[in-house]
Number of protein chains: 2
Amino acid sequence: MNVAIGLLGCGTVGAGVVELLARRQDKIAELTGLRPEIKKVLVRDLDKPRAVALAPGQLTQNPDELLADEDIRIVVETMGGIEPARTYMLAAIQAGKHVVTANKDLIALHGLEILEAARAAGVDVMYEAAVGGAIPLIRPLTEHLTANEITDLKGIINGTTNYILTKMTETGADFADALAEAQSLGYAEADPSSDVDGLDAARKLAILASLAFCTRVRLEDVHVQGIRSITAADVAYADELGCVIKLLASGRDRHGVLSLHVGPALVPKHHPLAHVSGSFNALFVRGDAAGDLMFYGRGAGSLPTASAVMGDVIEVLRSLRLGVSGRATRMILPDKRVAALPDEPVRFYMRLTVADQPGAFAAIASIFGVSNISMETVLQKRAKRGQAEVVIVTHATPPHALAHAVEGLRALPHVQAVNNVMPVEEDPA
Amino acid sequence: MNVAIGLLGCGTVGAGVVELLARRQDKIAELTGLRPEIKKVLVRDLDKPRAVALAPGQLTQNPDELLADEDIRIVVETMGGIEPARTYMLAAIQAGKHVVTANKDLIALHGLEILEAARAAGVDVMYEAAVGGAIPLIRPLTEHLTANEITDLKGIINGTTNYILTKMTETGADFADALAEAQSLGYAEADPSSDVDGLDAARKLAILASLAFCTRVRLEDVHVQGIRSITAADVAYADELGCVIKLLASGRDRHGVLSLHVGPALVPKHHPLAHVSGSFNALFVRGDAAGDLMFYGRGAGSLPTASAVMGDVIEVLRSLRLGVSGRATRMILPDKRVAALPDEPVRFYMRLTVADQPGAFAAIASIFGVSNISMETVLQKRAKRGQAEVVIVTHATPPHALAHAVEGLRALPHVQAVNNVMPVEEDPA
C-alpha cells in the first residue's frame, strides 16, 4: 500500500529527503509493508532549478495543498525557523497527520506545545534529525537507556564552531580568519551569531537534557558562552597544556537539580572528544548503569540529516502498519530545579594580561592564596611592550570560589585583563 | 499491572539485572504502565552467597519451575553458552514467553533458528546486550539507520584483547605479562583462547554484519586472526609509526559481496578508535546517507550489560502494552556472497627478521619491486647476534599482491621470519 508524504521545504535537507526516499523506496516497502511516496512539496519558488527530480505537479506554493489533502498521511518539515513552520506543523497535527521534523529551533522553543497537540490528536511527532544530524541520539535516550538514571551529557553539538576551532588548532589561524573561511565554504552563515555565540548548541542541549533528565528544560535555563573571544594564543597555550579548545554543551542532573552549560573548554588530547574534528558532532552520555557512552557522527548536511529524517519516517510507517500510531509518546515528568551555576569543582584555565612590573606575580599569587585556590600550572611568556601574559591552570576549584578570585584579579592594578576563563575537562573514567 | 519475569542464571550479568530492575521498577511502571517483577531465578547452587537480595523462594534449580509457569511472561537469559541455554530458550518461546538474552554465542550460532521460532510463536526475542554491552548497536542498525545502505562496520568489540593491547601500549609489557595481569584482574579467563584468538569478536561481528548488511552471516564466513603473536617490539614500532595496535573487527558490503575479518591492525593515533582504551568497545558504521558514525561505551560488566538487558525488557513491556508483541521482527534478506579475502588495497605493516648480511636489504627490496609494491616507510634497527629487524609499511596494496610478496620474502635465504603482517588503518574521511 502506498503512503503519501507531504514535504514542507526543499532546501538542503529537503532535497536530501527526496533523494534518499527515491533510493530506498523499494527496501522500505519490503521492510514495512508500506510504500512511501512524495505527493506534494511546498516551496517558495516554483521555478528555481533543483538538484532533485520532482515533477512540476509535485511542487506547490500553497501550504493548504498539503495540509488539506486527506490523502497525505505524513508531513515532513524541513523548512527550519519558527514561523510559519510552527503553524503548518500544528495544522498538520490537527488534521491527523503524522509529523517528522528536523527543526531544532521549533522543538527547543515549542516542543511541549507540539507534543501535547500530537498526543491530543493521536499522531506521531518524531524529531531525531533535530539534534546531531545523522547520529541516533533521541531514540537511544528515550528508549535503549530508559533503565538508566542519566546523570551527565557532554558533547560537541555545533558543527560550525567545531569547524572554526579545528581550523584554529590545525593552522594557528585567529578566530576572524577561521570564521571567514568557514563562511566562504558555506559552513557558517553570513550572520554567524546563532552558531558562534553558542545559541544553536544551547537549543540542542535543551532538547537533549529534557529527554535525558525526564523534565522540561527551557532555553533560558542554559548558561551560554560563545567562542568569539578565543584567540590563537589561547589555542597555542591549550596545545602546550596537552589540550584542544572545544565548544562543549554539558548537562548534569544531581538528584533532581540540573545544571546546563554551553561554552568553550580545554579538552585533553587523549579525551575522545578531542578527536571530534571539523563538522562532526559527538555526545557523551553517562548513565548510572551503562557508565560512559559516546555517540559520534555527522551533525549536519543534506544526506546525513535526511538519514535521520527517513529513519523517523520508517518508524512512523511501522506504527501505522501495527496500528499503534500516536501511542508511543513518552510522558514528560515534573520540572526539576535548575541550578544557577555548575557547582562541582573543576580545573580552570585563564589567561591574564599583566603589567610587566615587579610584584605583579606576587599580587596574583596572593589572590589565589586568599581564595584558597591552588595552581596546577603557570606559564609566563616573555613580555612585549611592558605586558606579560600569564596562563594559569588551577587545581579543581568550586566555580563560585573561582568567580570570587577572578573579581579579585580584576581589581588588581597589575592585571590589565582576565581573558577566557574556561574549564579544563577531566579524562573520562 | 504486574508482569512476572523468569531469570535464567544469576552470575555477573544476572545479578546486575536483579539490582537494576529493583532500582528502576517504579520508573518502568510509570513509563510503560506495566510493573516488571522477578518471580523465579534459575541457579546452579541454591546456597551460594549472592550480592543481590533474592528471597529463598525465588531461587530454583529446576528449569520447569520457570518454563512451565504460565504466570511468567518474559524470560531473561543470562546463563551464557550454548546448552542448556538454547533448549531453555526454545522451550520458553514455544510456551509463548518473550525472551531477552545477553548470549552472543547462542545468537551467533543459532540466531536464525531462535528468531524463526519466535516468529512462529508470535513472541519477541531481543538481544541488544549480546554485542557491545551497554552500547546501543542492535537497534540503531535495525531501526534508525534502515534508510541507509550500510557499507562498512569497523570496531573494537572485545574488551579482553583491548585491555591487553592497551596495557602493552602503556607499559611496554609483552603479551604474556599483559595477559597474566588481565587474568589476575578477572578481565581474561583462565583459558583465554576465545578472546585472544579473536573468536569472541568474530561471533559478535557475525551478529552485527547480519543486521547491518541484511543477510545471514555464518561464523565460518569470518576470517579470524588473534593477538598472541603481537610482541612488545610490534607495539613499539607502531608507536614510532604514529599508531597503536588494536584488534579490529571489520565487515564490508560491496554491492552484495561481503568481506568479514577480525585481526590486529595498526590504527593512527588521531583515529577515534585509537583512543578506545581498556575494556571499552567502539563500533564505526558507515552508511551511504549517514556517512561515518561511531558508538562507544562499556562492552561488558554487570550493570552495563544489565542496562542493555533492561532496555530490551522495557521494549518488550511496551509491545505488550500496545498489543503488538512478536510483530516487529525484521525480515532476513537473502544470503550475500562472502569474499575469500578483503579485496581493497590497504597499507600493510610487517616486521621481518633478517640475517645481517650484505645484500639482504637489496633482496627484500627486489621482491617488493617485482610485486609492484612500493614501500612508504622502512625502519631498520641495529642488529644483534647477526640478526636485523626490518619494519616495512607499504603504500596501499591489494591483499593478494601482498600475500604473493610475503611468499617471496619467506623464500629468501636472508629472511628468517615475516612477523605480524597487519593492515594500517586510514583516517576516517
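Taking the DSSP bridge list for the protein assembly as shown and keeping only pairs wholly inside it, about 70 percent are antiparallel. Between this copy and the others, label points of B:Thr377 are 2.6 nm apart in ascending order, each placed 7 angstrom from Cα in the Cβ direction. Rounded to the nearest 5, what % of DSSP beta bridges with both residues in segment A:1-91 are antiparallel? Roughly 0 percent of the beta bridges in segment A:1-91 run antiparallel, per DSSP.
The simple Förster model, with R0 at 25 Å and r as the Cβ-Cβ distance, assigns A:Arg385 and A:Ala180 a FRET efficiency of 0.35.
Look at the Cα gyration tensor of the protein assembly as shown: its axes a ≥ b ≥ c give a/c under 1.5, and that counts as rounded. Computed over chain A, the percent of Cα pairs more than 35 Å apart is 35.
Return the FRET efficiency for the residue pair A:Asp356, B:His270: r is the Cβ-Cβ distance, R0 is 35 Å, and the value is rounded to the nearest 0.05.
Working: r = 38 Å, r/R0 = 1.08.
For A:Asp356 and B:His270, the calculated efficiency is 0.40.
Residues A:Thr60, B:Thr305, ranked from the fewest to the most other C-beta atoms within 10 Å, line up as A:Thr60, B:Thr305.
The slack in the chain from A:Thr231 to A:Arg119, taken as 0.36 nm per residue of separation less the alpha-carbon distance, amounts to 35.5 nm. What the Kirkwood sum gives for segment A:347-424 is a hydrodynamic radius of 12.3 Å, with every pair of different alpha carbons counted. For the residue pairs A:Lys154/B:Lys167; B:Lys40/B:Lys246; A:Lys167/B:Lys269, the alpha carbons lie more than 31 Å apart in B:Lys40/B:Lys246. With the Kirkwood sum run over all distinct C-alpha pairs, segment A:205-302 has a hydrodynamic radius of 15.0 Å. For B:His255, the point set 7 Å out from Cα toward Cβ sits 6.3 nm from its twins in the other copies, listed from shortest up.
Taking the DSSP beta bridges with both ends in chain A, the antiparallel portion is around 70 percent. Arranged from fewest to most other beta-carbon atoms within 10 Å of their beta carbon, A:Lys48, B:Lys246, B:Lys381 become A:Lys48, B:Lys381, B:Lys246. Across segment A:262-269, coupling constants 3J(HN,Hα) worked out from phi with the 6.51/-1.76/1.60 Karplus curve, θ = phi - 60°, read 10, x, x, 8, 8, 10, x, 5 Hz, and Gly and Pro carry x. Shown here for segment B:265-303: trypsin sites (Lys or Arg not before Pro) in loop regions (DSSP other than H, G, I, E, B) with at most 10 other Cβ atoms within 10 Å, of which there are none. Loop-located chymotrypsin sites (Phe, Trp or Tyr not before Pro) across segment A:216-309 with a Cβ neighbour count of 10 or fewer within 10 Å are lacking, with loop assigned by DSSP. Each of B:Leu185, B:Leu153, A:Leu379, B:Leu115 has some number of other Cβ atoms within 10 Å of its Cβ, and from fewest to most they run B:Leu185, A:Leu379, B:Leu115, B:Leu153.
Label zone (A:Glu189, point 7 Å along Cα-to-C-beta; backbone nitrogen cut-off 20 Å) within segment A:134-158: A:134, A:157-158.
Measuring r between the beta carbons of B:Lys48 and B:His255 and using R0 = 51 Å, the FRET efficiency lands at 0.45.
Using alpha carbons only, how many degrees (0 to 90, rounded to 10) separate the axis of helix A:175-184 from the longest principal axis of chain A? Taking Cα atoms only, the helix is inclined about 20 degrees. Under a 5 Å amide H cut-off, with hydrogens placed 1.01 Å from N, A:Val100 pairs with A:Val75, A:Val76, A:Glu77, A:Met126 among residues at least 5 apart or on other chains.
Once the piece of chain linking A:Ser374 and A:Ala55 is laid out straight, how much longer is it, given 0.36 nm per residue of separation minus the C-alpha distance between them? Stretched out fully, the A:Ser374 to A:Ala55 stretch lengthens by 108.0 nm.
Between this copy and the others, label points of B:Gly323 are 0.6 nm apart in ascending order, each placed 7 angstrom from Cα in the Cβ direction. Residue farthest toward the positive end of the dipole of chain B, with Cβ of Lys/Arg at +1 and Asp/Glu at -1: which of B:Cys243, B:Ser374, B:Ser307? Of the options given, the answer is B:Ser307.
Values quoted throughout were computed directly from the atomic coordinates according to the rules given, and no laboratory measurement underlies them. A quick note: this is a predicted structure, and the numbers were derived from the prediction, not measured. Note that each Cβ is placed from the backbone with ideal geometry, even for glycine, and that neighbours are counted across all protein chains shown.
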